[in-house]
């Protein structure tokens, strides 16, 4: 079975997906990474095929519009508005490259929020498409959206912040991809974000962050798989990284314990298992 992983963005956005791809390849899948040319060497290092997506994230971010966009992270309305201006001329071409990269695939994994075009591509090719992210995207009462960390004013506000950010992101996506989605013969993109619709269809959502660092909300259904980090890390390297961001002696003393907990999660293996279980279920449904 051939799986294409679509991941746009910088090294921090793409490298975890390459590590996940290596885990899938070691489990016996044929895997291609669809990403920017600068990551071709990374794909080769991980034993993956590679398909080029146009756009150089470094050039985009370091340009005037890119710097203006990054400077607006304290205001999520401004952040999304500037993201739209930045992406409107380049994203449709990247989406078309991703469609070409996905030809012949039996399944897709696409990173959110940047590679939202994977939603359309999986439908156009009639193959399973599994969304994934490196931080929480679903609204929850347990904590606010990562775009609004200062709004942690209680469960209701937490849920509202996550819901508002999710809807703003989806409306941005619709403005960028609506015409292209129609050109694929898929009609109009839905007005509401499709995450819940995908969930009701039994499609899992892969999260590549550690539940030891940010506990999984107890209200989330099983399909939201908080796997752990998609990196090959040693306890020593984890402990060093944790100590570098903790500023209190009491918290620093817990670094070793937290590092061991993160290492034990084996996020790549957990994600591979989730993918395998889902793909087996889709095969059984097709046979039935």
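Restricting the search to the range 113-128, which residues are surrounded by 19 or more Cβ atoms within 10 Å (Cβ to Cβ), in contact with a strand residue (DSSP E or B) (Cβ under 6 Å, 6 or more places away or on another chain) and at pLDDT 95 or above?
Within the range 113-128, 118, 122, 128 qualify.
Go through (1) at pLDDT below 95; (2) surrounded by fewer than 16 Cβ atoms within 10 Å (Cβ to Cβ) for residue 258 and report which single condition fails.
(2)
Of the residues 145, 212, 175, only one is closer than 30 Å to residue 102 by Cβ, more than 18 Å from the chain's Cα centre (by Cα) and modelled with pLDDT under 90; which? First the steps, then the outcome.
Values: 145 fails: more than 18 Å from the chain's Cα centre (by Cα); 212 fails: closer than 30 Å to residue 102 by Cβ.
Unique residue meeting the criteria: 175.
The values are calculated or read from the model by the stated rules, or taken from the named source; none is laboratory data. Computed from a prediction, not measured in an experiment: that's the story for all the values here. Glycine also receives a Cβ, built like all others from the backbone with ideal geometry; neighbour counts cover every protein chain displayed.
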